[in-house]
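Peer 1: Have a look at this one before I ask anything.
The values are calculated or read from the model by the stated rules, or taken from the named source; none is laboratory data. It should be emphasised that the depicted structure is a prediction, and the values quoted were computed from it without experimental measurement. FYI the Cβ positions are ideal-geometry reconstructions off the backbone, even for glycines, and counts take in every protein chain you see.
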Amino acid sequence: MSTEPTFQTTLSKFLNSLTARNLSEKTIIAYRTDLRQLFTWLVENDLSVTTPGQITRTHIIEYLAYLSLQGRSGVTRARKLASIREYFKFLGYEDLVPTSPAQHIAMPKKERKSRVFLRVDEYMKLLNAAAGHSRDYAILQVFLQTALRVSELAGLEKDDVDLDAGTLIVRSTTGKGKKERTIYLEKKATQALRAYYVDRDRLQARLRTYDEHVFLNYMGEGLSTRGVMDIVEKYRKLAGIIKKFSCHSLRHTCATYKAAKGYQPNEISNLLGHERDTTSLIYVHMARDAQKLMQQTSL
């Protein structure tokens, strides 16, 4: 006498199939967690459902709605629906269910990841916190004045910077091939770099090192991207800024305030190293919020 397959037996078979496909343990655990949560919700909300074949499209839609009410993001709900789809696809291949109840359910819309930028008072606190350290202060000023990526800043060499001309050449390896762009330095960044170079020269003379990177660690070697990230996080804490932000947030901050000061999308695109001006249009919209926050002090 045949019996209907249970949640547990079908889940075990499904997970074994994932193992056979050589999926990572982390991925398999995610599938198992997502499906067990669905089964738990079904048991708590509809006692008549005891096998996978009894799960309907309505059940899955109601489960996704429940997750939404619990505050789960669109990204999370989309992942869970993807797990449910894969599970029922497997059951279909095994002839354990006639059709998949998840087949025609629309994927939850994923939220656009917000771009974080600092208010004027926040970036001033950040700069003030680093004012006693010439290298770190220069790093923050360069970020806020040039919108460099962290890898670009860490990769800067002295020959890339012309303080007399007030220019900085960025040699980026992101995207397709190597590219260069020239950024004009404003007075604050130029002054910060001049002050840092005095201390930088003293460090190299003392250690007898000849690394050409602009920003050096205490051993006289070029700072790593991780080292730059740690510096930014250090001054976020020292400045007492609760908002979480990263080196990339400083890039957003620069671009946003440039847009607020009237820079056109093509100018922002050149600053950021974007291939298309449309990519930089987001900063024009962000600038509307920034204009409300701008005070007398400006970037």
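Peer 1: Only residues that are of a type in the set (A, V, I, L, M, F, W, C) and surrounded by fewer than 18 Cβ atoms within 10 Å (Cβ to Cβ): list them for region 40-77, please.
Peer 2: 41, 43, 47, 49, 61, 65, 69, 75
Peer 1: Looking at region 197-219, which of the residues that are within 30 Å of the chain's Cα centre (by Cα) and closer than 18 Å to residue 159 by Cα is surrounded by the most Cβ atoms within 10 Å (Cβ to Cβ)?
Peer 2: Once the filter is applied, the top-ranked residue is 214.
Peer 1: Now for a separate question. Output the number of residues of region 177-201 satisfying the condition of being part of a helix (DSSP H, G or I) and either basic (Lys, Arg) or touching a strand residue (DSSP E or B) at 6+ places or on another chain (Cβ under 6 Å) (or both).
Peer 2: 4
Peer 1: Considering region 60-114 alone, what residues qualify as being under 30 Å from residue 252 (Cβ atoms) and not assigned by TED's automatic domain parsing to the domain that holds residue 40?
Peer 2: Matches in region 60-114: 107, 108, 109, 110, 111, 112, 113, 114.
Peer 1: For region 83-115, give me each residue that is assigned to a loop (DSSP other than H, G, I, E, B) and either hydroxyl-bearing (Ser, Thr, Tyr) or surrounded by 15 or more Cβ atoms within 10 Å (Cβ to Cβ) (or both).
Peer 2: 96, 97, 99, 100, 101, 102, 105, 108, 114, 115
Peer 1: Continuing with the same structure: Wholly within region 116-166, which helices (runs of 4 or more DSSP H) include no fewer than the required count, namely at least 3 residues that are touching a residue at least 60 places away in the same chain (Cβ under 8 Å), more than 20 Å from the chain's Cα centre (by Cα) and surrounded by fewer than 19 Cβ atoms within 10 Å (Cβ to Cβ)?
Peer 2: Helices (runs of 4 or more DSSP H) meeting the threshold: 120-129.
Peer 1: Condition first: within 30 Å of residue 243 (Cα to Cα), surrounded by 14 or more Cβ atoms within 10 Å (Cβ to Cβ), of a type in the set (A, V, I, L, M, F, W, C) and touching a residue at least 12 places away in the same chain (Cβ under 8 Å). Can you find one or more residues in region 24-31 that meet it?
Peer 2: Looking through region 24-31, at least one residue is within 30 Å of residue 243 (Cα to Cα), surrounded by 14 or more Cβ atoms within 10 Å (Cβ to Cβ), of a type in the set (A, V, I, L, M, F, W, C) and touching a residue at least 12 places away in the same chain (Cβ under 8 Å).
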